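Shown next, in structure tokens, is the structure this report addresses.
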Amino acid sequence: MQDTFSAQLYIQHVTDHKRELFYGLIRIHVLVHASQEPIFGLAMMEELEHHGYRIGPGTLYPLLHGLERNGLLKSQLKNVDGRRRRIYTITSAGRKALATARAKVDELHHELHEKRPRSIL
Ligand SMILES: [Zn+2]
């Protein structure tokens, strides 16, 4: 019993760890695509898989809602081929956040690829 419990705890920790590390990157991918054209969940899930992120609806939809709650996306329900679909578009605040994120990712990319990142001591 004890072993099962700690195994579950461990899996949970790994999940939380991934979430903290990668969800910001996934949000930036979402903003990049929303800056090009209106997006919806299923297409975004497929696109994220191209980038190496397998992310289900139970994770992506709350992430989209969070971006909307923070004013970076806005959404509306539309009928597409007889189905109701929530379509997301980027807001002007979302475009500003994306521009800031681009500069920060460039900065991070630079440091990641430096042969010797500078010492902080
Ligand atoms: Zn993409």
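Computed from the coordinates by the stated procedures, all read-outs in this text should not be read as laboratory data. What you see is a predicted model, and the numbers here were worked out from it, not measured in a lab. Because the Cβ atoms are built from the backbone with ideal geometry, glycine has one as well, and the counts that use them run over all protein chains shown.
A simple packing score, the average count of other Cβ atoms within 10 Å per residue, orders the peptides 109-117, 48-56 as 48-56, 109-117, with the highest score first.
Scaling against 2.2 N^0.38 Å puts the C-alpha radius of gyration of the chain at 1.31. The residues 106, 81, when put in order of fewest to most other Cβ atoms within 10 Å, stand as 81, 106.
Structural descriptor for region 2-113: relative contact order 24 percent, calculated from alpha carbon pairs under 8 angstrom and at least 6 residues apart.
Assuming charge only on the beta carbon of Lys and Arg (+1) and of Asp and Glu (-1), the dipole of the chain about its Cα centre is about 460 debye to the nearest 20. The modelled label-to-label distance for the pair residue 54/residue 115, using points 7 Å beyond Cα in the direction of Cβ, is 3.8 nm.
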